[in-house]
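To start, the structure under review is shown below, and the notes come after it.
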Amino acid sequence: MTQSSQSVEPPRIPGRFTRGQPKQVCAPVRSLHTQCLIHNSRMKSLPPTTQHVYFREVLSDERSSLTLLAEQIPAGSTVLDLGCGTGALGRFLKQTKGCLVDGLTINEMEAALARDDYRQVHVANLEQCDLAAVFPLQGYDYIVCADVLEHLQNSARILDQCKPLLATNGQLLISVPNVSYFGLVTELMEGKFSYRDEGILDRTHLRFFTRGSLLDFLGQSGWAVETLSCVRKEIIDSEFRPDFQKLPYAITRSIGQIPDALTYQFVASARPGQHHNPTVLAPIEAEAQPLFVAQLFWSHNTQFTEDQKTQQTGVMGKLQQTLSFTIPQDALINKMRLDLADRPGFLHLHALRIRGKDNQILWTWDRVIDGFEPLMNCEHSEIWFPDQSLFSDNSLILLLGNDPWLHLPSQLLPDGARID
């Protein structure tokens, strides 16, 4: 979203205050930073590389492909991690399950970061190497190809080489992206097929899979799939940003109803064989709907910035819904801006409320009781409040651009307040 170009005093909105003004909280906003779990000492004197380095971690509270793969590996297992990258999976398996893990990756920088947690890490190109020669010990309980097969010209060749490396009753565990993902399909219908450094359209991807094509590929390669799990991801959490305004709503709604529409990745377990478990054939029935994004910005005597905001998503076309925005603890605020949506269009605005942390209502505006005049009198941009005598629905307003915003009263905000 674009930043406000002016520093203004908070507006005086003649809404209905239900309590006296609380004391002002004079403490800075606490910034959140992503913590790198690889010790800094490992970053020293690493060999240079021109290849992209993939930094990932296995987070137990996140449903990711690595988490789903790790859940299938029992404690004490012997694991071969093909395409191990910087060693996220092996690090987790060693530290939490006491597994012995060998790895292979394509560049020395990734191998250097992984070696502390692996029994051995080799640098080789999977397209060319002989796995039996590189890993002569064999007898692995699990061989993992986490987001690897889509990078290879001849994935079947590698899967053939995996079979003799498995122990009796050993399993192959793989994850691949889903090319029929809702975000990708809608962008494609808008004429976009944009490669990126990472994600489903990683610029190094050579193969693309759907549920059906993955099962066909594994079956033709002599692998029987026993389980197939899905990593679901909402559009707003993905790398895709389709412009739903360019497509008829009926079309995007139909695309969203396609099975596996919100499946971002497939995670499969397989053993050498010919017949898949019948349960893996059925796609996930999960309806994906076009979304819009609303954002709440706050500031104290400065311009609005991206690091002082919170956002929520709404479903386009839904008759009525409530979006709630929680103000961070210890935020110092004397002005606040609500960006109603990230696109032009008609919006039904029924009510606004500011609540304290104990859920008491500090200020409220209701369309039926107060009308639009209180909001029209506050500072706003790219919002048209129509003559309500022209419309049977008196909650209707028109958003005129991609950044329609409205200032809200902020002189009464305690820490932990919520807007909805």
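The values are calculated or read from the model by the stated rules, or taken from the named source; none is laboratory data. These numbers were taken from a predicted model, which means no experiment stands behind them. Neighbour counts are summed over all protein chains in view; Cβ atoms, including those assigned to glycine, are modelled from backbone coordinates with ideal geometry.
Would you please name the residue that is farthest from ARG241 (Cα to Cα), looking only at residues in the range 287-342 that are in contact with a Pro (Cβ under 8 Å, 6 or more places away or on another chain) and part of a strand (DSSP E or B)? Checked the range 287-342; the qualifying residue farthest from ARG241 (Cα to Cα) is LYS335. Applying the criterion of being of a type in the set (S, T, N, Q) and either more than 20 Å from the chain's Cα centre (by Cα) or farther than 29 Å from ASP141 by Cα (or both) to the residues of the range 173-211, the residue that is surrounded by the most Cβ atoms within 10 Å (Cβ to Cβ) is THR186. Can you tell me which residues in the range 230-251 are surrounded by fewer than 20 Cβ atoms within 10 Å (Cβ to Cβ) and assigned to a strand (DSSP E or B)? Matches in the range 230-251: ARG232 only. Here the strands (runs of 3 or more DSSP E) wholly within the range 72-188 that include at least 3 residues being among the polar types (S, T, N, Q) and out of contact with any helix residue (DSSP H, G or I) (no Cβ under 9 Å at 6 or more places or on another chain) are 166-177. Restricting attention to the range 252-282, the residues being within 21 Å of LEU166 (Cβ to Cβ), within 26 Å of the chain's Cα centre (by Cα) and part of a strand (DSSP E or B) number 4. If you go through the range 111-141 and pick out every residue that is without any contact (Cβ under 8 Å) to a residue 60 or more places away in the chain and more than 16 Å from GLN161 (Cβ to Cβ), you end up with 9. Out of the residues in the range 37-86 that are under 13 Å from THR105 (Cβ atoms), at pLDDT 55 or above and polar (S, T, N, Q), state the one that is farthest from the chain's Cα centre (by Cα). The qualifying residue farthest from the chain's Cα centre (by Cα) is GLN51.
Please pick out the residue among TRP365, TRP405, TRP384 that is at pLDDT 85 or above and in contact with a helix residue (DSSP H, G or I) (Cβ under 8 Å, 6 or more places away or on another chain).
Values: TRP405 fails: in contact with a helix residue (DSSP H, G or I) (Cβ under 8 Å, 6 or more places away or on another chain); TRP384 fails: in contact with a helix residue (DSSP H, G or I) (Cβ under 8 Å, 6 or more places away or on another chain).
Matching residue, one of TRP365, TRP405, TRP384: TRP365.
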